[in-house]
1. Which percentage, to the nearest 5, of the DSSP beta bridges contained in the chain is antiparallel?
2. About its Cα centre, how strong a charge dipole does the range 3-187 have in debye, to the nearest 20, once Lys and Arg get +1 and Asp and Glu get -1 at the Cβ?
3. Can you give me the long-range amide H partners of Thr32? Hydrogens built in the peptide plane at 1.01 Å from N, cutoff under 5 Å, separation of 5 or more residues or another chain.
4. Over what distance in Å are the Cα centres of the range 46-75 and the range 254-278 separated?
5. Kindly put Leu133, Leu344 in sequence by how many other C-beta atoms sit within 10 Å of each C-beta, fewest to most.
6. Once both axes come from the Cα atoms, what is the angle between helix 86-96 and the longest principal axis of the chain, in degrees from 0 to 90, rounded to 10?
7. Have a look at Pro294, Ser221, Pro325 and report the one farthest towards the positive end of the charge dipole of the range 191-353, computed about the Cα centre with Cβ charges (Lys/Arg +1, Asp/Glu -1).
8. Taking the Cα centre of the chain as origin and charging only Cβ (+1 Lys, Arg; -1 Asp, Glu), how large is the dipole, in debye to the nearest 20?
Amino acid sequence: MATVAVLGSGVMGTALTFPLADNGHDVRLVGTHLDREIIDSILTRGVHPRLARTVPASVRAYQLEDAEAAFAGADVALSGVNSFGVRWAGEQFRSLLKPGMHVLAIAKGMEAQENGDLRILPDVLADELPEGLRDSVSWSAIVGPSIAGELAARRHTSVVFAGHDTTALDALAALFRTSYYHVWSSTDLFGAEVCAAMKNCYALSVGLAEGALEAIGEGESPDRNHNFEAAVFGQGSVEIRRMLEVLGGRPETLLGLPGVGDMYVTSAGGRNIRLGRHMGAGLTFSQAVEAVTPPGETMTFEGAAAIRVIGGALEKLTERGLLQPEDLPLLRHLYELIALERPLAIPWSAFFGGEPGGRAAP
């Protein structure tokens, strides 16, 4: 039996406690400062309010002020925060991690430097630790198609654990693997994380298709916009592969669970899709955010955040000669939509290396 401490009791952090608990491990779930009501609900009713499921009885829940007790003696530390909380989680880990621990991260996204260089979030998480401690733990990440609600319902879920230490990956996979949670491993941590971050960008573009029908008054038409969806999905795959070539990941990583597998499930629904639908219908990014956010609440949109960061780095990478101006036309346009709030104008003829004899749509 292993002891696993999870920092962050959001839907995915909590869903990952299910296979661990089913395997008989000692699982400790720690809420962030934003999770107090979630932890209160688990402590009093045993139910995660957003998952709407009973958390396994063996999982012990802790408020943030009790994090040190929760992490005491842990073999594995799981960072269960989203991309917006990675640096905060790293700050917490300064006092919570001990040498020899395995660290496993779930946040998806990238961080851009001044010159346009892009960094994966496990590296950003590690940045916050003193060098000696940083080098004395293993760093891995979970990538691939995994909807939290389905995992908590114990639906078949297939993922990849990516990292540099194969021994650590094998040990982690063995802790999590069940009859419904299927785990493969990869040493292409960088490539897997690039795929995981960029698929959020292109999943948002798939959502544009339904909105585009609504914009022309055909939202109820039996003839959907699946051709539109397939084209932006395919172009997204081409653009992720190009970035893997530029940034150094393995191109074949795109073809499996971290790439097209994860992009498919993210394109099937969720807040990124809803946001894209409103933008496809003619709303600006700011208007679309307002339309999908319930009154009095704040929502995070990891697809939009990834577009801002990665799309914002493209010009600098192009200036440095790492990319050509004709590379990544869809991501460049998504950046115009999100960051510059320009109107939708999909550059169809620029897709797939350029359409021979292509012309602009009327």
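1. Bridges in the chain that DSSP calls antiparallel: roughly 25 percent.
2. 740
3. Hits under the 5 Å cutoff: Gly8, Ser9.
4. Here the two parts' Cα centres lie 29 Å apart.
5. Final ranking by Cβ density, sparse to dense: Leu133, Leu344.
6. That works out to roughly 10 degrees.
7. Looking along the dipole axis, the top candidate is Pro325.
8. Computed charge dipole of the chain: roughly 560 debye.
Throughout, read-outs are computed from the coordinates displayed, never taken from laboratory work. Computed from a predicted structure; not experimentally measured. Virtual Cβ from ideal backbone geometry, glycine too; neighbours counted across all protein chains shown.
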